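Notes follow the structure.
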Amino acid sequence: MTHLIREDVKDDLLSRGYSRRQMLRTAMMFSGAAAALSLNTELAFAQEDEAAKNMVRIGSNECWTGPMAPGLQAGMAAFANANRYSPNGEVAQLTKTIAGIENVPEDHIATYPGSGGILARTLVAFCSPTKGLVQADPTYDNPTRVAKFLKTPISNVPLTSDYRHDVKAMLAANPDAGVYYVVNPNNPTGTMTPMAEIEWLVDNKPAGAVVLIDEAYIHWTKDYPNNTATHLVRAGKEVIITRTFSKVFGMAGARVGFLMASPDVLKKVGLYETDRPSIPTTACATASLTATGLINARRKELWENRAMTVEYLTKRGLKVIGPSEGNMIMVDWKTKSAKDMGIIYKAQGVQISSPRWPSWPTVGRISIGSKTDMEAFCNATGKILT
Ligand SMILES: Cc1ncc(COP(=O)(O)O)c(C=O)c1O
């Protein structure tokens, strides 16, 4: 079956030590073969929770509401012209808009159907049987799933006691890795790693490796846009920044994300490109990006709902990990497992995250939803704790 893989892709993989079997698994992963794996862990777990459709859904770090009005309008207009593959150069328009907002050249940007797929492609492009993945523990678990699927070595490095990525320990864990994965703010903790520490990692990592900086939740943070790592892309460093429209823009089901990297790095990841987001989705994303007032209104709403929830839980004597800057918090249930608490909340009509972080067995993740969602969560907590 390896004859189905493009020659340049085959050459790249074989030259980096992939076996024929691993090469095949790579092809399966991007072709969506039934035996392959989902490229988005939130999506994979959300599907497993299909039965919870009518519950308060605060388990998958989604936005509590859908796309912004200008995005919906642009998306619908583009749908009307969907007989064309590219009615009005929508992909170029999105790239141009991102370039303007992020101050990154257009040839440093590529859009994909969701950022989970970019993470997977980065691993294939920069990891191999000898070049491992280094990441924090706990962190977003999609790269773990991909690395296991590809049989790439993984180094899990505990977060510091104040929940930053321990960048020095990450480098020490594998000084010759292919990818150093930094999620800022981190999922599931929502905590930030200071830029100076990320810069240290970028300056000290082995040549040829990339620091993969996942900024899926960056819009929710107080300091955005001053805390993004885009200056490292502009400086031509070996970094990849990923972003998604699944969070503040409310487009998780529409599937669009993008990466920012130097053209050399972008080309390596692009070797594994399979498809682009649909034109209506792309048009929706472009119009949403510039809806600054609406973006800021959502951020403020999130901050209020998160503060209200943290205050409630703290008053009830529970330990909330943090401070979280994302649309999620973690609670240490201490005497109960995250798995059991998920079942207990479900019985109350509330869906919190599935237990996905084995190193923190008693800590559960709760996504921040609307005020009504969070009031329902607090009510359920009251009942559970009495
Ligand atoms: C840290 C992080 N990165 C990437 C993703 C993938 O997002 P998507 O594939 O929806 O763009 C998620 C999803 O929740 C995430 O939490």
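Distance in nm between label sites at Ser337 and Phe79, each 7 Å beyond Cα in the beta-carbon direction?
4.3 nm
For Met328, which sequence-distant residues (separation of 5 or more, or a different chain) have an amide H within less than 5 Å of its own amide H, given hydrogens modelled in the peptide plane?
The list, which skips near neighbours in sequence, is Ile368.
Of all DSSP beta bridges located in region 69-289, what percent are antiparallel, nearest 5? It would help to have the intermediate numbers written out before the result.
On the way: 8 of 25 bridges.
Here the antiparallel bridges make up roughly 30 percent for region 69-289.
Where the centre of each part is set by its Cα atoms, how far does region 185-254 sit from region 137-182, in angstrom?
First find each Cα centre; the distance between them is then 15 Å.
Any number yet on Rg/Rh for the chain, C-alpha, Kirkwood? Intermediate values should be presented prior to the final figure.
Values: Rg = 20.4 Å, Rh = 21.4 Å.
Reported Rg/Rh, Kirkwood definition of Rh: 0.96.
If we sort 242-252, 266-276, 129-139 on the protection proxy, mean other Cβ atoms within 10 Å, highest first, what's the order? Before the final figure, lay out each step's value.
Values: 242-252: 24.6, 266-276: 16.0, 129-139: 22.1.
For the peptides 242-252, 266-276, 129-139, the packing ranking is 242-252, 129-139, 266-276.
In whole Hz, with x marking every Gly and Pro, tabulate ³J(HN,Hα) for region 343-360 from phi via Karplus 6.51 cos²θ - 1.76 cosθ + 1.60, θ = phi - 60°.
5, 5, 5, 4, 5, 9, x, 10, 9, 9, 5, 5, x, 10, 10, x, 6, 10
Roughly what % antiparallel, to the nearest 5, for the DSSP beta bridges in region 182-322?
Values: 4 of 10 bridges.
DSSP beta bridges in region 182-322 are roughly 40 percent antiparallel.
In this model, which of Lys247/Lys315; Lys247/Lys268; Lys96/Lys268; Lys168/Lys319; Lys336/Lys383 are farther than 18 Å apart at the alpha-carbon?
The pairs that break the limit, which is 18 Å between Cα atoms, are Lys247/Lys315; Lys247/Lys268; Lys96/Lys268; Lys168/Lys319.
Place the peptides 219-231, 101-113 in order of packing, highest mean first, counting for every residue the other Cβ atoms within 10 Å and averaging per peptide.
Details: 219-231: 16.7, 101-113: 18.3.
Descending mean neighbour count gives 101-113, 219-231.
So for the chain: antiparallel DSSP bridges make up what percent, rounded to the nearest 5? Let's see the in-between values first.
Details: 16 of 35 bridges.
Close to 45 percent.
What would the Debye equation give as log₁₀ I(q)/I(0) for region 69-289 at q = 0.09 Å⁻¹, counting only Cα atoms as equal point scatterers?
Each listed q maps to, in turn, -0.34.
Can you run phi through the Karplus equation (6.51, -1.76, 1.60; θ = phi - 60°) for region 262-271 and list ³J(HN,Hα) in whole Hz, with x for Gly and Pro?
5, x, 4, 5, 4, 5, 5, 5, x, 4
By a straight-distance test (C-alpha under 16 Å), which aspartates and glutamates pair with Lys346 as possible cross-link partners, with residues fewer than eight away in the same chain excluded?
Excluding near neighbours in sequence, the set is Glu48, Asp49, Glu50, Asp373, Glu375.
Arrange the peptides 363-370, 256-263 so that the one whose residues have, on average, the most other Cβ atoms within 10 Å appears first. It would help to have the intermediate numbers written out before the result.
Details: 363-370: 24.9, 256-263: 23.1.
Result, highest mean Cβ count within 10 Å first: 363-370, 256-263.
Can you pull the Kirkwood radius for region 257-382, inverse mean 1/r over Cα pairs, to one decimal in Å? Kindly include the intermediate steps, with their values, before the conclusion.
Values: mean 1/r = 0.0575 Å⁻¹.
Radius from the Kirkwood sum: 17.4 Å.
Compute the separation of the alpha-carbon centres of region 302-379 and region 73-89 and state it in Å as a whole number.
Comparing the Cα centres of region 302-379 and region 73-89, I get a distance of 40 Å.
Taking θ as phi - 60°, what are the ³J(HN,Hα) couplings along region 192-205 by the Karplus curve (6.51, -1.76, 1.60), each to the nearest whole Hz, with x for Gly and Pro?
Working through the residues one at a time gives 9, 10, x, 4, 4, 6, 5, 4, 4, 4, 5, 6, 10, 5 Hz.
Taken together, the values in this text are just the output of simple stated rules run on the coordinates, not laboratory data. Everything numeric here is computed off the predicted structure, so don't read it as measured data. Please note: Cβ atoms are built from the backbone with ideal geometry, for glycine as well, and neighbour counts cover all protein chains shown.
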